[in-house]
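A.B. asks: Mind looking over this structure? Questions follow.
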Amino acid sequence: ERSTLRRRNNSPDVLHESRFAVGGSGLRHGTSLKFVPLGIQVGELQRSQLQICFHAKRLENYCAGVASSVPEMHLLPTVVILKGARGMNFIHAKVPGIDIPREIIERVEKSSDPAETAYQVVLEQSLHALSQPNVRGLHIADFRHDESLERLMNDLGRIPRQKMGD
């Protein structure tokens, strides 16, 4: 059975999944990530993967709302590993609901090493996300397809699994 999205209180910027979600994010550029409790059975909810969010304060507010309303909920914020500003501009312009602050894009564009600066952005976002209440891990989207994912795991203190036969 597939649940459908519905608007709560006719709010144009907060959508909720009627059965599974505990909150929602705005789907238009510039809308806020907001946590709104829905009065559903918490026993069904164990974890929730969050959409990519380049706004630290929005993530902080959302995680605090979950922690105070549904303390047993585990959150997995999404971070994205990009090669540079071109990917950031594409996501900002073409992916509904994801807003990348201009200052982050400009930081990467103006850098003498855009790939390294883009990596530092995802590392900062990852460290910030992992410091929030109820966050138990990260969902990582890797669009670089190089050593960046392994580097990120090492920089976050995650030990790589040994390959069979090692």
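All of the numbers you see were taken from the coordinates with simple rules; none came from a lab. This structure is a prediction, so every number in the text was calculated from the model and none was measured. No Cβ is skipped: glycine too gets one built from the backbone with ideal geometry, and neighbour counts run over all protein chains shown.
A.B. asks: Rounded to the nearest 0.05, what FRET efficiency do E106 and R158 have when you use their Cβ-Cβ distance and R0 = 30 Å?
C.D. replies: Values: r = 30 Å, r/R0 = 1.01.
Efficiency, rounded to the nearest 0.05: 0.50.
A.B. asks: While we're looking at this one, here's another question. Given H placed 1.01 Å from N in the peptide plane, which residues other than close sequence neighbours of D142 have an amide H under 5 Å from its amide H?
C.D. replies: Residues meeting the amide H criterion: I81.
A.B. asks: Charges on Cβ only, +1 for Lys and Arg, -1 for Asp and Glu, centred on the Cα centroid of segment 75-159; of L123, N134, V108, which one is farthest towards the dipole's positive end?
C.D. replies: N134
A.B. asks: Follow-up question, since we're still on this one. Could you go through segment 127-138 in sequence order and give the Karplus-derived ³J(HN,Hα) for each residue, using 6.51 cos²θ - 1.76 cosθ + 1.60 with θ = phi - 60°, rounded to whole Hz, and x for Gly and Pro?
C.D. replies: Per-residue couplings from phi come out as 4, 5, 4, 5, 8, 7, x, 6, 7, 10, x, 10 Hz.
A.B. asks: Now for a separate question. Which ³J(HN,Hα) values in Hz, rounded to whole numbers, follow from the phi angles of segment 51-62 under the Karplus curve 6.51 cos²θ - 1.76 cosθ + 1.60, where θ = phi - 60° and Gly and Pro get x?
C.D. replies: In residue order, the calculated couplings are 5, 4, 9, 8, 10, 4, 5, 5, 5, 4, 4, 5 Hz.
A.B. asks: Quick one: give the max-minus-min coordinate of the C-alpha atoms of segment 48-122 along each principal axis, largest first, in Å.
C.D. replies: Over segment 48-122, Cα extents along the principal axes are 44, 23, 17 Å.
A.B. asks: Also, quick follow-up: Under a 5 Å amide H to amide H cut-off, with H placed in plane at 1.01 Å, what residues pair with C53 once short-range neighbours are removed?
C.D. replies: Counting only residues 5 or more places away or on other chains, the set is T78.
A.B. asks: Quote to one decimal, in nm, the extra length available between D146 and Q120 on full extension: 0.36 nm per residue of separation minus the C-alpha distance between them.
C.D. replies: Once the chain is fully extended between D146 and Q120, it gains 7.9 nm.
A.B. asks: Also: Sequence-distant or interchain residues sharing an amide H contact under 5 Å with H74, placed H: which?
C.D. replies: Amide H neighbours of H74: R47, S48.
A.B. asks: Please arrange V135, V122, V66 by how many other C-beta atoms lie within 10 Å of their C-beta, fewest to most. Don't jump to the answer; show the numbers that get you there.
C.D. replies: Details: V135 19, V122 22, V66 25.
Fewest-to-most Cβ neighbours within 10 Å comes out as V135, V122, V66.
A.B. asks: At q = 0.11, 0.17 Å⁻¹, work out log10 I(q)/I(0) for segment 82-166 with the Debye formula, treating every Cα as an identical point scatterer and leaving solvent out; two decimals please.
C.D. replies: So the normalised log intensities work out to -0.35, -0.79.
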